[in-house]
Amino acid sequence: MKVPLEWLKDYVAIRLKPETLADRLTMAGLEVTGIAMVNGQAVFDIEITPNRADCLSIIGIAREVAAMTGQRIKLPQRQATSDKRQARTRPTLRTPHSALRIRIEDRKGCRRYIGRLLAGVTIGPSPSWMQRRLLACGIRPINNVVDITNYVLLESGQPLHAFDFDRLAQGVILVRRAKPKEAMTTLDGVARTLSPDVLVIADAARAVAVAGVMGGVGSEVTPRTTAVLLESAWFDPVIVRRTSRALGLASESSYRFERGVDQVGVETASARAASLICRLAGAAEQACRDVGAKPLVKPAIVVDASLASRWLGLPLSPAQIRSSLARLGCRVSSSESSPLLRVVPPSFRRDLIHDVDCFEELARLIGYERIPATLPAAIMPASRDAQSPLYRNLQSIRCLGASLGLMETVTWSLVSEMELSRCGWTAGEALRVTNPLSQDYAFVRPSMIMGLLRAIHRNLSQGAQGVRIFELGSVVQAGTVAHERASLGIALAGAWSRDWRTKETCDFFRLKGLVDALIQRLCGQPATCRAADVSWADPAEAARVFLKSRAVGAIGRLSRQAASAWDLDDAVWLAELDVTSLLQAQRALESAVAPSPFPPVKRDLSLVVDNAIACDQVASTIREVGGAMAQRVELIDRYTGRQLPPNTYSLTFSIEYRDPARTLTADEADDVHHRIGQALVERFAAHLR
Amino acid sequence: MIDPAQLQQTLNLLEDAFGKDLQALRGAQELDALRAKYLGRKSVVAEHLKRLPELPPDQRGLVGKALNTLKESFEARLTARQHAFRTQPVASALDVTLPGSAVPRGRLHPITQTMEAILSLFVPMGFEIIEGPELEYEWYNFDALNIPASHPSRESFDTFFVDSRSPEPRRGRLLLRSHTSPVQVRVMQRRKPPLRILVPGAVFRPDPLDASHSFMFHQVEGLVVDERANFSDLKGTLTAFVERFFGPATKVRFRPHFFPFTEPSAEVDIACTACRGQGCSTCGRKGWLEILGCGMVHPNVFKAAGYDAVKVQGFAFGMGVERIAMLKYGITDIRLFFENDLRFLEQF
C-alpha cells in the first residue's frame, strides 16, 4: 500500500526522518518495502499482512505511528452535511428523495448498508491537493464525487461507491444475490454474466453493481449527475473474494472487503465522504438510511500478565501491559485482587481475539529486538533416535546411489498426460490434479520414470556423453483410494565411463549390478530378476525384481516407441524400486562369522546348455548341491558362438570349496565338484567341458 | 672319481658362467630359473655334492667346503641381485600427468545437500527428523493449523487439490500439502510433549513458474513443545542456526509478521549476503533478506492436536530450502534445481 508521508502527517506528528520511520514501521510488522519520491514528497510502499485490514488506510498507519511514538491521533473533524446553506444550487431531484428505500435481502452477505442521498451536486474536477494525493497513491482522478469516494477509501480503509440517484430505478437499493445468468456491464466496460454466488446491488429493475467489487455502467456518476447516492457498507469477505476470483476482477474495494472492514467505520467513512461532497461539490444531504445489524460489541479478552511473560520470555508487569495495550486503543480494566486484565480491543482490530494476539501486540510495541535470545532449557530425553528410521533410511539410499556413481536428481512430481501415456500409463491410473497450473503438470506422478526421462532428455540434448542418474521421492498410485509410496528410480544412458584406457557403455547388466548392490546393502539379502512385461520397457529386455517371492520393482530398456516419442537415439536403461517394500524387507545383521583360516580348494566348471536354460537355474543347482562347502560360486565366463552346437551356450563358474573347521582335501572337493557336474547333466542335459 | 684339480677348474668355469648369467638377468621373474640352474637338484653343484661319498675321506672335507662356499656365494649374489631388482628405479618413468581412470562420480542434489546441512545444525540441539505425507488432508493442511475455511489460501488458487475420494471424509478433501506444517499436528497427535522435531519435505503451491517461483519446492519445518519454550528461546535457537549456517558475524533480525498458526509470528531476515546490508538487487534494496518464518504455536493448533493448550507452549519455524540454497550459492533462478542439468549438479 502506498502511503504519502505528507498525508500521514495530517493525523499524527512525525519528527523522524523518513528512513528511520520506515525502519520503525518495518520492525513493528508493517514492512516498508520501498520509499519513492513523488513531486518531492516521500511515499512509502508498505506491505500489509492479511490480518491487519485496519492498516489498509492512511489513518490505520497513522494509528500505528501514534502507538509506536506514544502520541494521540488527530482524526478528521465531523462536519454538518445537512445544512442547506452549504448547497450552492438548489437541489433538483427528478426522483423524489422520499423514494429512497434500501433493503438487505442477503443478511449474511451484507451486515450493514448506509445510503446517503446528496442532492445539488455539481460535478467537476476535485481540488488539486486531493488529485495530488490520489496520484501519489496510484489512483487516477476522475471527478470530484468519485475522487472523494476514493480519497476516503484511502484515508479510512472503507470502500465507498457513488451512484447517480436519478439513474436508480424507483430510487431503490436492494442488496441481493444475482439471479441465474443475470447480465451486467461493469465499469471496466466488460459485459458479465453473473451467478447466484455473486452478491449484487440492484435497483428496482436490475443489478447496478457487483457488491464490494465494482459498480455497473448505467448508474455511475456522470458530468450531468445532480444527485448522488453514497454507498458505505460491510460485505462478507468470503463472498467478495469468491466473486472477485470468479470474475477475475480485483479492485481497491474488493481488496479491503476481502480482508474485512470495520463495521463501525462504515458510518464514519460515510459521514466523512458526505461532508467532503457537500463542501467540495456543493451538495446537501437529503436523506440517510442505515440498514442492517448494529455492530457487535467485541467480547473482552482476559490477559494474564504472568502467562504473557512466560510466553514471550520477558518479564512484564500488569501496568506495562495495560499502558501498551491502551496505546493501541484497547480498553483495559483490572481489579486490585486479580492479576488478570480485561481487554476490549477497538472495533477496527478484528484480529485481536485471543490472549496470544495481545501477547504479539506487546512484543511488537516493546520491539522484537528487545526480547532476549536464549536456548530452550528443557533437556530432551536421550533415549530416542536423533533421526527417525525413515529419514535415515532414505538418506542412506541417497548416499548409496551417489557412491555408486549416480547423480541425484530432483524432478517435479507433477507430470503430463502425454508423459504418462508414453510410459504406458493411462490417465485413469494416475491421480489427477483438480486445478492444475497447466496440462504439463496435471497429474501426480505414479512413477519416477517420467521425471528421469525428462532429465535424460535434457542432458542428452545438451550434449552429455553419458547420463547416470537416480531419484528418490514420493509416487502416488491412483485407485479407489490414492496411495502414496516412496520410490527409487535409476536411469542410465550413453557412456558409463570413458577415458583414454577404457570405454564402457551403459547396459542392462550395468544397471542390474547397481540394483543388486543397492538391494543387498539395504535389505541384507540378494534380489532376483525374472523376465516380465513392464509397461515402459522393451519386452525383450525387461524384468521384474523380486526379493524372495515379493515383487519390489522393475528393470529394463525403455521401449523403442517411448524412446522415439522422447526423441532419444541412445538406449535408456531404467529401473524403479518400491522403497516402501524394500524398507519393510530390511533385515538387520544379527551376528557376524569369523572367516575360515583354512585354505580353499578352487575348481572351475564349464558346461554347455540349451538356450532355454537360464543362468540362474544352473547357479542355484550348483549352490544347492555344493551346499555349505561351496562357499563362493561365481560366473566367470559366458560364451555363445559358432564353436557350440546350435541353440546352446556355455557357462564357466569358478567355485571355491572350503570347510570352516579344517583343511579340505583335494579329493573331498573333487567329490563334491563331481556331484555338482552330475546334477547339471541330469537336470539340464548339460554337456560338461 | 673326482679329480680335485679338474674340479677346481670346473668350479671356476661355473662361477664365470654364473656371473655372466646373473649379469644378463632382465628382471626378478628370471631369478628363479637361474636359481634352479645353479642351485637346483640337477645343478652342477648339487651333482657334485651328491657324489662326495665317492671321494676318499681325507679329500671329502676340502671338496665339500669348496662346493659349499660356492653355493653360499651363489645364494648371496642371487639375494643381492633380487634386492637390487626390487629397489631398482623403474627404467622409463610414468607420465604421471595422464588422467587417472575415470570413476563415475555421483553426487547428492543441491537441495538434498542444503536440507541435510540445515538439519544437521539442529540435530545436536535435540531435534529429531520426521517425515510426513505429501498427499495430505485438508484438515491437517488448514483447519488444524488455525486456517479457517474462510482463509484466502483455502481457495483452490493457492493449493493443488487432487481428484480422489477422501479415505477419511471427516478430514476433508485430499490435496498436495502446501507446507510441511501439517506434520506438526500429525506428530503431536501421536506423541506427548516434550517434542523437538524437524520435518523436511516437498511442498506444492500453484505459483506459475518463473525465476523465483516454482509450484514445487522444499521446506524444513521445526517444532519445539514443552512447558516453557518461549519466544526468547525461539530467537536463541534460530539465531544459533543462522550464525552457524551463514557465519558467526551474520546480522539477523526478527520482524513481526503474520501466520495463522503462530502468535506472535515473525519473519527472520539476515543482512543481505550480496551487499552486506547496503541495498542491492538481490535484497530489493532493502539490505535484508528474508530467510524463514516462525512464531509461538497458536493455542488453537495445540487444541486441534489434542494437547492441553493451557499446559504446553512452544514454537515453530519453517524455511524454504531452495531459497536458502540460492542465497548460499548465489543462484538467481530456482528452475535450475529442477532442470537437473548435469553441468549444474556436478558443481555441488
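The values are calculated or read from the model by the stated rules, or taken from the named source; none is laboratory data. Every value quoted in this text rests on a predicted model; they were computed, and no experiment measured them. In this analysis, Cβ positions are derived from the backbone assuming ideal geometry, glycine residues included, and neighbour counts consider all displayed protein chains. Please note that ligands, DNA and RNA were not included when accessible areas were found on the heavy atoms of the full protein model with its side chains. Shrake-Rupley method; radii C 1.70, N 1.55, O 1.52, S 1.80 Å.
Taking the listed residues A:444, A:481, the one that is under 22 Å from the mean Cα position of the chain (by Cα) and within 9 Å of chain B (Cβ to nearest Cβ) is A:444, with no other qualifying. Restricting attention to the stretch B:66-111 and to residues that are touching a strand residue (DSSP E or B) at 6+ places or on another chain (Cβ under 6 Å) and open to solvent by less than 60 Å² (accessible area, probe 1.4 Å), the residue that is farthest from residue B:35 (Cα to Cα) turns out to be B:111. Taking the stretch A:530-564 as the range and being in a strand (DSSP E or B), under 14 Å from residue A:516 (Cα atoms) and over 37 Å from the mean Cα position of the chain (by Cα) as the test, the residues that pass are A:530, A:543, A:546, A:547. Looking only at the stretch B:99-118, residues that are touching a residue at least 12 places away in the same chain (Cβ under 8 Å) and either more than 7 Å from chain A (Cβ to nearest Cβ) or in contact with a Ser or Thr (Cβ under 6 Å, 6 or more places away or on another chain) (or both) come to 6 in all. Being of a type outside the set (A, V, I, L, M, F, W, C), within 12 Å of another protein chain (Cβ to nearest Cβ), open to solvent by less than 20 Å² (accessible area, probe 1.4 Å) and touching a Lys or Arg at 6+ places or on another chain (Cβ under 7 Å) is the requirement here; does residue A:451 meet it? Yes: the conditions hold for residue A:451. Selection of the stretch B:168-214 for residues being surrounded by 22 or more Cβ atoms within 10 Å (Cβ to Cβ) and either in a loop (DSSP other than H, G, I, E, B) or of a type in the set (D, E, K, R) (or both) yields B:177, B:179, B:180, B:181, B:196. Of all positions in the stretch A:316-336, at least one carries a residue that is small (Gly, Ala, Ser), under 28 Å from residue A:74 (Cα atoms) and within 14 Å of chain B (Cβ to nearest Cβ).
Check B:122, B:142 and return the single one that is open to solvent by less than 20 Å² (accessible area, probe 1.4 Å), under 18 Å from residue B:320 (Cα atoms) and more than 9 Å from chain A (Cβ to nearest Cβ). Only one candidate qualifies: B:122.
Of the candidates A:286, A:263, A:320, the single residue that is touching a Phe, Trp or Tyr at 6+ places or on another chain (Cβ under 6 Å) and not basic (Lys, Arg) is A:263.
Matching residues to (1) hydrophobic (A, V, I, L, M, F, W, C); (2) closer than 30 Å to residue A:483 by Cα; (3) outside any loop (DSSP other than H, G, I, E, B):
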site	(1), (2), (3)
B:81	no, no, yes
B:93	yes, no, no
B:96	yes, no, no
B:131	no, yes, no
B:136	no, yes, yes
B:139	yes, yes, yes
B:148	no, yes, no
B:165	no, yes, no
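For the stretch B:201-230, the set of residues classified as at the interface with another protein chain (Cβ under 7 Å from one of its Cβ atoms) and under 20 Å from residue B:314 (Cα atoms) consists of B:224, B:226, B:228, B:229, B:230, listed by residue number.
Let's see how each residue does on (1) assigned by TED's automatic domain parsing to the domain that holds residue A:620; (2) open to solvent by 10 Å² or more (accessible area, probe 1.4 Å); (3) under 19 Å from residue A:558 (Cα atoms); (4) at pLDDT 95 or above:
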{"site": "A:491", "(1), (2), (3), (4)": "no, no, yes, yes"}
{"site": "A:501", "(1), (2), (3), (4)": "no, yes, no, no"}
{"site": "A:515", "(1), (2), (3), (4)": "no, no, yes, yes"}
{"site": "A:526", "(1), (2), (3), (4)": "no, yes, no, no"}
{"site": "A:531", "(1), (2), (3), (4)": "no, yes, yes, no"}
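Which numbered condition in (1) within 34 Å of the chain's Cα centre (by Cα); (2) hydroxyl-bearing (Ser, Thr, Tyr); (3) not in a loop (DSSP other than H, G, I, E, B) is the only one that residue A:195 fails? Only one criterion in (1) within 34 Å of the chain's Cα centre (by Cα); (2) hydroxyl-bearing (Ser, Thr, Tyr); (3) not in a loop (DSSP other than H, G, I, E, B) is unmet by residue A:195, namely (3). Do any helices (runs of 4 or more DSSP H) lying entirely in the stretch A:223-325 carry at least 3 residues that are under 21 Å from residue A:201 (Cβ atoms), and which ones are they? Hits in the stretch A:223-325: A:237-247, A:252-259, A:265-281.
In summary, strands (runs of 3 or more DSSP E) completely within the stretch B:231-318 and bearing 2 or more residues that are among the acidic types (Asp, Glu), in contact with a Phe, Trp or Tyr (Cβ under 8 Å, 6 or more places away or on another chain) and within 11 Å of chain A (Cβ to nearest Cβ) occur at B:262-271. When the stretch A:391-417 is limited to residues that are more than 9 Å from chain B (Cβ to nearest Cβ) and without any contact (Cβ under 8 Å) to a residue 40 or more places away in the chain, the one that is most open to solvent (accessible area, probe 1.4 Å) turns out to be A:417.
Among the residues of the stretch A:632-653, is there at least one that is touching a residue at least 40 places away in the same chain (Cβ under 8 Å), in contact with a helix residue (DSSP H, G or I) (Cβ under 8 Å, 6 or more places away or on another chain), farther than 20 Å from residue A:683 by Cα and surrounded by 11 or more Cβ atoms within 10 Å (Cβ to Cβ)? No, because not a single residue in the stretch A:632-653 is touching a residue at least 40 places away in the same chain (Cβ under 8 Å), in contact with a helix residue (DSSP H, G or I) (Cβ under 8 Å, 6 or more places away or on another chain), farther than 20 Å from residue A:683 by Cα and surrounded by 11 or more Cβ atoms within 10 Å (Cβ to Cβ). One residue is enough: does the stretch A:216-235 have a residue meeting the conditions within 14 Å of chain B (Cβ to nearest Cβ) and touching a Cys at 6+ places or on another chain (Cβ under 7 Å)? For the stretch A:216-235, residues within 14 Å of chain B (Cβ to nearest Cβ) and touching a Cys at 6+ places or on another chain (Cβ under 7 Å): present. Among the residues of the stretch A:431-448, write down those that are in a loop (DSSP other than H, G, I, E, B) and either open to solvent by less than 10 Å² (accessible area, probe 1.4 Å) or outside the structural domain of residue A:539 (by TED's automatic domain parsing) (or both). A:442, A:447, A:448 - these are the residues of the stretch A:431-448 that are in a loop (DSSP other than H, G, I, E, B) and either open to solvent by less than 10 Å² (accessible area, probe 1.4 Å) or outside the structural domain of residue A:539 (by TED's automatic domain parsing) (or both).
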